[in-house]
Amino acid sequence: MLKQHLQFKLSQKLSPQQIQLMKLIQLPTQAFEQRLKQELEENPALETGKEESSTYDEDFEDQYEGDNDSEAINTEDINIDDYLSDDEIPDYRTRANNYSSDDEEKTVPYAAGISFNQYLINQLNTFYLNDKEWAIAEFLVGSVDESGYMRRPVADIMDDLAFTQNVYVEQDTIEKVLKIVQDLDPPGVAARSLEECLLIQLRRKDPSPAIDLAITILERSFDHFSKKHYNKLLQKHSITEEQLKEAISEVEKLNPKPGGSYAGSNKIIEHIVPDFSIRIVEGELELSLNSRNAPELHVSKEYSNMLAGYKSAKERSKSQKDAVLFIKQKLDAAKWFIDAIRQRQQTLYITMNAIMVYQEEYFLTGDERNLRPMILKDIADAIDMDVSTVSRVANSKYVDTPYGTKLIKEYFSESMKNEQGEDVSTKEIKKILETVIGEETKRKPLTDDKLAVILKKKGYPIARRTVAKYREQLGIPVARLRKEI
């Protein structure tokens, strides 16, 4: 019984080759190209382009298996440990068996330039500062976060300067130097609050009635402004709606995160390469896999001929056996990699095709309300593959459609029942919610309770808390913050 249990456990364990195939399937186009490049560099038995002579399988099997001669090259008559030390194991085998998603060689472009903090330090050189003021300014700049704000209280900075820099100063001195730092670019940098950030930017502008009013409102009524209590602002400042609109327009031009606008802040720029393309041709959907995922590969004829030469040799020395073992390992690896690439292509295409067929109505119309509820198991069952395989395709691949390029997993969604008892996608409900909010009267935005009532009338009976959840997922603020005058 124990033996049977162990055999069952062993049969469930994935082989190293299966693990490698899963990792290949997971790679998006750009990472796959890097993996392919790495394989070509490490295995001279693998070549690109069309094969000049007959197919690899026939030539390889003839030369690899040989006849029943005791000296024929097969996996039983050569013991790796007898011929190669650990140091001499070809690098390919070591690398291939330990390849993981963390090892993927990815080229991620960054914005060029110096760091944000160094950019600020360089500007300080244009100010006349004594040694103590310079030490304070440098410390302040080092305390500015990536959004451009000074989040730490001046009292804490005073203590840190004393303990870490041996600089003893009063808070007034720090405040004075902070004003200098706040004169640096981009405007609004080193502010201690959103209110101060906006005021710094407004005071840099040329005076005008709208800007003067905007400054007054932020100084005296920031709470009413942030909560969009426009009627209170009109009454408190004795102004017209038109004047308020002009003041608000000036504030809306400002940057609430001055640090984020700096080009040298080394923000990652991601370049997406679609793995699939879906087109509508004469009313029918047409799926294609990015050709960069389907390279032409073959086994090196030169390496295959080396085995043939060994097979015909009358005398076989130890060094020849060492060489032929190395050749066999490379040929084996090349053959497996070619097969794995083919399986990867097939898996990607079959999976995406099943998704396309399942969501045919959506891909023909582009209307997200036509997206059917779809979970990984639906596709896995349709193509008779494991859920984890579908997940690897959906989570890392992009598809180019007539309606834009999207991550495939975005087409998956849970379902809920409408009033007719039909399964509808949560994406469909979110789209309708987004449309309702987009059409609301901005002077009196709809609360989550009112939105829930409207959705129920449209046949989607969902609770207010669910409306709030979907609204937040869509990145839409609460009604109070959507209010306009």
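The values are calculated or read from the model by the stated rules, or taken from the named source; none is laboratory data. Small disclaimer: the values here were computed from a predicted structure and weren't measured. Here the Cβ positions follow ideal geometry from the backbone for every residue, glycine too, while neighbour counts run over all protein chains shown. Each accessible area value is taken on the protein alone, full model and side chains, heavy atoms only, with ligands, DNA and RNA left out. Shrake-Rupley method; radii C 1.70, N 1.55, O 1.52, S 1.80 Å.
Assorted remarks:
- Working from label points 7 Å from Cα in the Cα-to-Cβ sense, the residue 212 to residue 343 distance is 7.7 nm.
- Solvent-accessible area of residue 357, all protein chains in place: 90 Å² (probe radius 1.4 Å, heavy atoms, ligands and nucleic acids excluded).
- Normalising the average separation of contacting C-alpha pairs (under 8 angstrom, six or more residues apart) by the number of residues puts the relative contact order of segment 328-485 at 17 percent.
- Surface exposure of segment 186-299, expressed per residue as accessible area with a 1.4 Å probe, stands at 54 Å².
- Shape metrics for segment 179-264, restricted to C-alpha atoms - Rg then Dmax, Å: 13.3, 44
- For segment 346-485, with all protein chains in place and a probe radius of 1.4 Å, 46% of the accessible heavy-atom surface sits on carbon or sulfur.
- Hz values of 3J(HN,Hα) by residue in segment 396-410 - Karplus curve (6.51, -1.76, 1.60), Gly and Pro given as x: 10, 10, 10, 10, 8, 10, x, 10, x, 9, 9, 5, 4, 5, 5
- The string of couplings for segment 160-167 from the Karplus curve (6.51, -1.76, 1.60, θ = phi - 60°) is 5, 4, 5, 7, 9, 10, 6, 10 Hz, one whole number per residue in order, with x for Gly and Pro.
- Expressed as a fraction of 2.2 N^0.38 Å, the value expected for a compact globular protein of N residues, the C-alpha radius of gyration of segment 319-440 is 1.56.
- Computed over protein heavy atoms with a 1.4 Å probe, the carbon and sulfur contribution to the accessible area of segment 221-262 reaches 46%.
- For segment 108-240, taking Cα atoms only, Rg and Dmax work out to 17.8, 54 Å respectively.
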